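Only one structure is covered here, and it is reproduced in the block below.
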Amino acid sequence: MATRSALAPAKVNLFLHVGPVDAAGYHPLASLVAFADVGDRISVEPADRLSLTVTGPFAAGLEDEGDNLILRALRGLGQAAGIGEPPLAVTLDKRLPIAAGLGGGSSDAGAALKLARDALELDLTDDGLAEIAATIGADGPMCLHARAAWAEGRGDRLAFEPRLPSLPAVLINPGVPSPTGEVYRAYDAGPPAAADQPSPPTDWSAAAVVEWLVEQRNDLEAPAVARSPAIGEAIAAAEAMGGVRLVRMSGSGATVFALFESGDQAIAAAAEHRAAHPRWWITPANLA
């Protein structure tokens, strides 16, 4: 069996409407989720036992590898398939920042589940894998499918959206973590919003979709900025980019995305701002 590899794409919340915490301790949400053509890289190859090696520019910031979401997901796969721990050596090339609001860990786990399923020739559909992915967190199923989707509930009720066009973007992370739990606690301390799901655009051209997105919001952006002012600096830098059409934080931060009319504009803006902010993670991407 040869080595298999796949991209674990960055997840971006194009908007994120969040309601007050419910009796079970969860926040209902509504979001339109897209995936980028950049992300981490996952590879698997046959081995005597399950193992994980982490490389890449953000390897040092990763949590304890023994409790990595990839390993948790693959152990769940082995249990579901009745094979014990899958005998695979997994390599994670960690290219996305940590605690960045890009669903990195969930996307890594989703890519690893698909690769392991194919490598071991297991009779499991993507929907079956999504049930396993759900055990590692609410983002698990959406990141397993890695397709544009409307998300509601705790993020687990998905409706795929094939009409979403490709949106040229720049992703910016100012190099600070934005832990989800802390951001939600800051959100709870402020005035509550609502997990309202807006009506879809009537026109799905890229320009019209961006105009529609301008009317939406990310309810976690203000509390995240209050907790980490560097996110506000990243937003201000993105808003100063030439040709930018929309700037918003993704998820619970700290990554900010800026949308442009063309890929050339996004590439030029990313290059210019990398020079101005050499310590930040800045990359052009297409969201779809």
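The values are calculated or read from the model by the stated rules, or taken from the named source; none is laboratory data. Just so it is clear, the model here is predicted, and its values are computed rather than measured. Cβ placement follows ideal geometry from the backbone for every residue including glycine, while neighbour counts extend to all protein chains displayed.
Which pairs turn up if I take residues in region 210-231 that are over 14 Å from residue 247 (Cβ atoms) and look for partners that are among the hydroxyl-bearing types (Ser, Thr, Tyr) and outside any loop (DSSP other than H, G, I, E, B) with beta carbon separation below 7 Å, at least 6 apart in sequence or on another chain?
Here the result reads 219/187; 220/187; 223/187, each pair linking region 210-231 to a residue that is among the hydroxyl-bearing types (Ser, Thr, Tyr) and outside any loop (DSSP other than H, G, I, E, B).
Scanning for something among the small types (Gly, Ala, Ser), over 18 Å from residue 16 (Cβ atoms) and either under 16 Å from the mean Cα position of the chain (by Cα) or outside any loop (DSSP other than H, G, I, E, B) (or both), does region 133-141 turn up at least one residue?
yes
Applying the selection to region 154-174, what residues are modelled with pLDDT of 95 or more and outside any strand (DSSP E or B)?
161, 162, 163, 164, 165, 166, 174
Tell me the residue from 181, 175 that is at positive phi and outside the structural domain of residue 97 (by TED's automatic domain parsing), please.
Result of the check over 181, 175: 175.
Only one of 112, 89 is surrounded by 21 or more Cβ atoms within 10 Å (Cβ to Cβ), modelled with pLDDT of 95 or more and at negative phi; which?
On inspection, the qualifying residue turns out to be 112.
For residue 62, indicate whether it is closer than 23 Å to residue 166 by Cβ, buried (at least 16 other Cβ atoms within 10 Å of the Cβ) and not β-branched (Val, Ile, Thr).
no
Could you check region 265-284 and list, in sequence order, the residues that are over 18 Å from residue 98 (Cα atoms), in contact (Cβ under 8 Å) with a residue 60 or more places away in the chain and either among the hydrophobic types (A, V, I, L, M, F, W, C) or part of a helix (DSSP H, G or I) (or both)?
265, 266, 269, 270, 273
Looking at the structure I just gave you, is residue 233 modelled with pLDDT of 95 or more, part of a helix (DSSP H, G or I) and over 19 Å from residue 14 (Cβ atoms)?
Spelling it out, residue 233 is indeed modelled with pLDDT of 95 or more, part of a helix (DSSP H, G or I) and over 19 Å from residue 14 (Cβ atoms).
Identify, please: which residue in region 210-228 is surrounded by 15 or more Cβ atoms within 10 Å (Cβ to Cβ) and over 20 Å from the mean Cα position of the chain (by Cα) and is, among those, nearest to residue 162 (Cα to Cα)?
Across region 210-228, the extreme among qualifying residues is 212.
Give just the number: which of (1) without any contact (Cβ under 8 Å) to a residue 24 or more places away in the chain; (2) within 19 Å of the chain's Cα centre (by Cα) does residue 185 not satisfy?
Looking at each condition in turn, residue 185 falls short on (2).
State the number of residues belonging to region 244-264 that are closer than 30 Å to residue 185 by Cα, touching a Phe, Trp or Tyr at 6+ places or on another chain (Cβ under 7 Å) and not in a loop (DSSP other than H, G, I, E, B).
The total comes to 1.
Given the residues 73, 100, 81, which is the only one that is free of Cβ contacts under 8 Å to residues at least 60 places away in the same chain and either surrounded by fewer than 18 Cβ atoms within 10 Å (Cβ to Cβ) or more than 16 Å from residue 7 (Cα to Cα) (or both)?
Of the residues listed, the single one that is free of Cβ contacts under 8 Å to residues at least 60 places away in the same chain and either surrounded by fewer than 18 Cβ atoms within 10 Å (Cβ to Cβ) or more than 16 Å from residue 7 (Cα to Cα) (or both) is 81.
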